[in-house]
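Q: Here it is, the structure, as structure tokens.
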Amino acid sequence: MTPAPRLDRSGIAARLMVAMALVLVSAALAAWMAAGAVGPGLFHRHMAQAENSPGTAVEHAESAFASASAVTLAVALSAALLTALVATIVLARRIGTSLGSLSAAAGQVAAGRFDIRLAQPHIGAEFDELAIAFNAMSARLDQDEGRRRRLMADVAHELRTPVATIAAYIDALEDGVQDLNAQTVDVLRAQTSRLTRLATDLAAVTQAESGALRLDEQPVAPGALVEAALSAARGRADTAGLVLVGEVAPDVPVLWVDRDRIGQVLGNLLDNAIRHTRPGGQVSIRVQRRSPYVRFTVTDTGEGIAPEHLPHVFERFYRVDTARDRAHGGSGIGLAITKALVQAHGGTIVAHSSGPGRGAQFVIDLPHG
């Protein structure tokens with residue numbers, strides 16, 4: 001685990017105050033030293049000259065005091081100016097170097113170099129926080145760029161198969177090799193449906209993740225949501241030879257949610273569980289109160305998910321042999337849509353599994369009240 005960067009908590013304002021204090025201290029110290037080393041000698045010399053010079057002793061004393069004071073002040077001012085000059089040069093160079101590095105790094109990021117990182121200049125908490133924020137932004141852009149490239153590659157892969165199938169059948173029909181019979185129509189319809197589902201899912205997850213999704217929130221009983229989801233999935237469960245179970249605790253409060261969107265969430269999870277559970281298995285959905293949340297738990301006895309894949313199952317098009325295989329017929333972004341819709345409601349969703357062959361569990365927490 002990478003250790004957190006050390007943050008210098010002293011700000012640039014505090015450092016400027018320290019520099020000003022050094023200037024004042026140096027001036028006072030120089031004045032004190034000049035007064036002690038130069039002043040007595042000058043005063044004594046003037047008083048010695050007074051014996052052989054015209055004028056009263058008081059006049060010579062005043063002249064000696066003025067000369068000593070002038071020399072002391074000149075030395076003090078010179079020391080203060082020198083200290084201020086050194087402090088200004090040091091701070092200006094460090095601030096200029098830090099801002100120059102930031103400007104150069106920002107230019108590289110603007111040019112598409114998202115692997116650029118800044119070292120903390122340690123000239124103030126503000127500059128260190130700026131460097132940390134810049135590095136976090138650059139890292140996020142780097143991750144987003146990687147996801148974008150993977151998304152484009154995955155979309156191209158997903159489109160290739162149905163498009164190639166449709167093109168092959170059209171060529172066969174044109175060449176007279178294939179007849180336009182019911183089987184051919186079914187294949188073409190299945191492939192076009194796959195393309196339509198992919199386009200719809202991509203639009204849904206993009207809209208949800210961008211925050212542009214509008215929710216029609218209203219009070220809904222969790223039991224009604226579960227009943228609707230089970231009714232919609234029961235036919236597929238029966239066809240797959242699975243037992244479908246629903247359980248809602250009696251103390252569960254009403255939720256303020258978009259009924260259709262949460263129904264889509266539960267439907268996606270039930271469909272996912274049904275696809276990955278063998279005949280004779282069980283898929284269940286349970287609802288409990290976990291104040292200040294209402295917890296929905298969808299559990300199956302299916303293929304399970306390996307531990308190394310659990311953090312990635314909500315990513316678009318992320319698939320593994322046992323968890324999200326293309327052969328099951330999903331678009332590859334159903335769980336990404338599910339997570340985006342849950343987060344749009346202010347909730348969280350996590351996946352659990354004890355490993356391959358030991359089933360999977362998806363836990364949703366939605367705020368209530």
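The values are calculated or read from the model by the stated rules, or taken from the named source; none is laboratory data. Remember, it's a predicted structure, so these values are computed and weren't measured experimentally. Don't worry about glycine lacking a Cβ; one is built from the backbone with ideal geometry, like all the others, and counts go over all protein chains shown.
Q: So, of the residues in the stretch 73-112 that are touching a Pro at 6+ places or on another chain (Cβ under 8 Å) and within 16 Å of A133 (Cα to Cα), which turns out to be surrounded by the fewest Cβ atoms within 10 Å (Cβ to Cβ)?
A: Filtering the stretch 73-112 for residues that are touching a Pro at 6+ places or on another chain (Cβ under 8 Å) and within 16 Å of A133 (Cα to Cα), the one surrounded by the fewest Cβ atoms within 10 Å (Cβ to Cβ) comes out as S101.
Q: Which numbered condition in (1) surrounded by 14 or more Cβ atoms within 10 Å (Cβ to Cβ); (2) not in a helix (DSSP H, G or I) is the only one that D115 fails?
A: (1)
Q: Here's a follow-up. Residues of the stretch 162-219 being under 22 Å from R259 (Cβ atoms), aliphatic (A, V, I, L, M) and exposed (fewer than 15 other Cβ atoms within 10 Å of the Cβ), which ones?
A: A203, A212
Q: Another question, if that's okay. Among the residues of the stretch 301-319, write down those that are among the charged types (D, E, K, R) and either assigned to a loop (DSSP other than H, G, I, E, B) or at positive phi (or both).
A: Selection gives E303, E315, R316, R319.
Q: It is to be established whether one or more residues within the stretch 92-113 are without any contact (Cβ under 8 Å) to a residue 40 or more places away in the chain and more than 30 Å from A139 (Cβ to Cβ).
A: Yes - at least one qualifying residue is present in the stretch 92-113.
Q: On to the next question. Mind listing whichever residues of the stretch 353-367 are under 26 Å from the mean Cα position of the chain (by Cα) and either modelled with pLDDT under 90 or closer than 28 Å to A153 by Cα (or both)?
A: F362
Q: Between residues in the stretch 126-151 that are in contact (Cβ under 8 Å) with a residue 12 or more places away in the chain and closer than 13 Å to S98 by Cβ and residues that are small (G, A, S) and surrounded by 13 or more Cβ atoms within 10 Å (Cβ to Cβ), which pairs lie under 7 Å by C-beta distance while being six or more apart or on different chains?
A: E126/G11; F127/S98; F134/A105
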